[in-house]
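K.L.:
Can you keep this structure in mind? I'll have questions shortly.
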Amino acid sequence: MTNHPEQWPLRDLVLRTPRLDLRPDDDEGLRELVEEAYLGVHPPAEMPFVHPWTDADPADLGRGMLRHFWSKRVTLSPERWTINFLVRHEGRVIGTQGLEATDFGVAREVVTGSWLGSRHQRRGFGTEMRRAVLQFAFDHLDAVRARSAAFAANIASHRVSERLGYRRDGTETVVRRGTPTVDVRLLLERDDVVRPPWTLVVEGLDGCRGLLGAAESPVRTHRGPGDDRAHTGPQPRSTPRPNVSHCAGSPLW
């Protein structure tokens, strides 16, 4: 048998939090994600995404989602990459958490975006999965800052971002469903991240570093008050509003 490098090392990558497993998307998992989308992501009267993909004709919604995720896999390179993690709770896909970067080896910046199925919201999963990719980026890939965005009216998303340490970084006007809408840019510096009292477990990263433009570097560790463990580190609300940042992780077509 020929001895050659693994051609798609991302299939071995996994991030583990106390309640969630995050793995890069695969076709079987995408089928579950499509089912979650059909069950609902947000109230019909609201639109948390810049690109209103959930408004698609139900006959085309699933196919459009698959095209989007497949396109991100096909174009992944060290110069520009997106990892769409499928988020699983108790073995079932409940949503997706995106992490993307351009020229990461130089810029050391990442962008996040996510969504959860409506039936899994208001349980703290959104915060936990965003914390997972932030700690993955800062402590294991040596990122220096993370960016996100949310509409000004998306109070739930902004509250989560504030709890994680983000600060506002300006606004812009975008068109949402034909109406001008204020979009708020958010910035999180590595030294400002608010860390949780649990340790992120990362498996299968070594083979992925070259694919992501991330040079070998020691894993960063952080100590919190009263805790001598390495700390690594959206969207529970009483209202039905989903907490979703829309820079990544949303199908576009």
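Computed from the coordinates by the stated procedures, all read-outs in this text should not be read as laboratory data. Please read all numbers here as calculations on a predicted model, not as lab measurements. Cβ atoms come from the backbone with ideal geometry, glycine included; neighbour counts cover every protein chain shown.
K.L.:
Which FRET efficiency value, to the nearest 0.05, is calculated for Arg67 and Ala215 with the Förster distance at 25 angstrom and r the Cβ-Cβ distance?
P.N.:
Calculated transfer efficiency: 0.15.
K.L.:
Report the calculated FRET efficiency for Val144 and Asp55 (r = Cβ-Cβ distance, R0 = 45 Å), to the nearest 0.05.
P.N.:
0.80
K.L.:
Among the GluC sites (Glu not before Pro) in segment 58-111, which ones are in a DSSP loop with at most 10 other Cβ atoms within 10 Å of the Cβ? Mind listing them?
P.N.:
Counting only loop positions with at most 10 other Cβ atoms within 10 Å, the GluC sites (Glu not before Pro) in segment 58-111 are Glu90.
K.L.:
With labels modelled as points extended 7 Å from the Cα through the Cβ direction, what inter-label distance (nm, one decimal) is found for Glu35 paired with Ala107?
P.N.:
Result for the modelled spin labels: 3.7 nm.
K.L.:
Right, something else. Between segment 1-53 and segment 75-122, how far is it from one alpha carbon centroid to the other, in angstrom?
P.N.:
8
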